[in-house]
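For reference, the structure discussed in these notes is given below.
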Amino acid sequence: MTRTDPLTDIRPTPRRKVLISGAGIAGPALAFWLHRYGYSVTVVEKAPALRSGGYPIDIRGTALEVVRRMGILPRLRDAHIDLRRFTFLDGDGGEVASVSPHNVAGSAVGRDLEVRRGDLTEALHSAVRDDVEFLFDDSIDTLDQSGHGVDVTFRGGGRRTFDMVFGADGLHSRTREFVFGPEERFHRYLGYCFAGFTMRNTFGLSHEITMWNTPGRAAALYAVGDADEVHAFLNFAHPKPPFGAFRDPGAQRDLVAGIFADTGWEVPGMIAAMRDAEDLFVDVVSQIRMPRWSSGRVALVGDAAYAPSFLTGQGSSLALVGAYMLAGALADRDAAAGFAAYEDTTRGFVTVNQDQIGEGDAALFPTTAQALEQRNDMLRSLRTMPAAQGRPAHSALTLPEFTPLR
């Protein structure tokens, strides 16, 4: 009989292996915290490389504490966009009001951040790339929970088994579809569609947004710094989501061009630029509302679970906070208990932020002449108001401290 010395025969507990689908914002943030709590993490991303560029996004309230604890807050402060002016125009191109962007967005001056989306994703990736496996140009093809773990086959042909799988793959999440069913079950359309793209900055714009409105239609030019390009944005009310048109790039362009066919100001030039844009993105303005965010050994985070829509300005912040709370809930719990704790501690924060906007009531995009005039009156009054101090919903959750499982 072999004698065993209890002081020398200490076998380390095997690290739990997890897969995260999506390398945008929620995915790398979740990977960072799960690695911190002792997990072996793989991130799979369908794009061939980390996605750079993209429109500016906000980091507000509770999310600022998340990035501070990750150690990337100084880098993001260096990347902060110093947006100085938000100018609103009427249908003829005349100025309605020029106000502080903070008053429009409800952000806290000197505290909340606005950065290029690519700057945030690069900061998150840099914080975790040496500790986590990234599989680019690949995606989940099948997912099976019938065994002791989650058996995954990848589009590239690989097969692996994980203890847990997380969907961080956005509004139109395939992970969610695999486990919970079609998107239509959880999709809450807010009554608008939008098109975004970049175009040449021939307008002399710098550190500012200029927005043109008529009832149910808006066109905006967003100049980040003194760049040679601007972010162009076309938003329009539509009674039902035109999913049929979205399946074909030509139909997308025709739909948007038709909506804005009789407009003035710089819109005709924007439509012409949209026709040739290589980075055109057209989608509906919507939220994801789910009764639960997990099933078995699979859980969702960020837009895949609770997209709030860009109208709230809280998509990135909810992704960062949700990733922190999900990983923390799993720091000293198994999947079932951890997922339950994640829902219990995070759902209230998600709901209060999603509830900032309802169907058809986006203040920046009135759908009637009366509502547009009321909005313009409100904007004129903002000229004399002090800068915003942030909205309570943005900081409605105080981050707990989590203790890793030993």
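Tabulated results
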{"quantity": "Relative contact order [Cα under 8 Å, 6+ residues apart], region 27-127, whole percent", "calculated": "40 percent"}
{"quantity": "If the convex hull is drawn through the Cα atoms of region 250-348, its volume per residue in Å³", "calculated": "143 Å³"}
{"quantity": "R0 of 30 Å, Cβ-Cβ distance residue 161-residue 77: FRET efficiency to nearest 0.05", "calculated": "0.15"}
{"quantity": "Ratio of the Cα radius of gyration of region 176-237 to 2.2 N^0.38 Å, where N counts its residues", "calculated": "1.56"}
{"quantity": "Fraction of accessible area attributable to carbon and sulfur, region 81-224 (%, probe 1.4 Å)", "calculated": "43 percent"}
{"quantity": "Label point distance in nm, residue 46-residue 332, each placed 7 Å from Cα along Cα→Cβ", "calculated": "3.9 nm"}
{"quantity": "Contour excess over end-to-end distance, with Cα ends at residue 90 and residue 227 and 0.36 nm allotted per residue", "calculated": "46.8 nm"}
{"quantity": "Length-normalised contact order for the chain - Cα pairs under 8 Å, 6+ apart - percent", "calculated": "23 percent"}
{"quantity": "Cα-based equivalent ellipsoid, the chain: semi-axes from gyration tensor eigenvalues, Å", "calculated": "41, 23, 19"}
{"quantity": "Value of D in µm² per second that Stokes-Einstein yields for region 330-370, Kirkwood Rh from Cα pairs, at 37 °C (0.692 mPa s)", "calculated": "253 µm²/s"}
{"quantity": "Full-extension gain in nm, residue 246 to residue 137, via 0.36 nm per residue minus C-alpha separation", "calculated": "36.9 nm"}
{"quantity": "Cα→Cβ-extended label distance, 7 Å offset, between residue 381 and residue 295, nm", "calculated": "4.7 nm"}
{"quantity": "Positive minus negative residues near residue 164 (Lys, Arg vs Asp, Glu; Cβ under 11 Å)", "calculated": "+1"}
{"quantity": "Full-extension gain in nm, residue 396 to residue 98, via 0.36 nm per residue minus C-alpha separation", "calculated": "104.3 nm"}
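The values are calculated or read from the model by the stated rules, or taken from the named source; none is laboratory data. Predicted model, so just to flag it, every value in this text is computed and none were measured. Please note: Cβ atoms are built from the backbone with ideal geometry, for glycine as well, and neighbour counts cover all protein chains shown. To get the accessible areas, we keep the full protein, side chains included, count just its heavy atoms, and leave off ligands, DNA and RNA. Shrake-Rupley method; radii C 1.70, N 1.55, O 1.52, S 1.80 Å.
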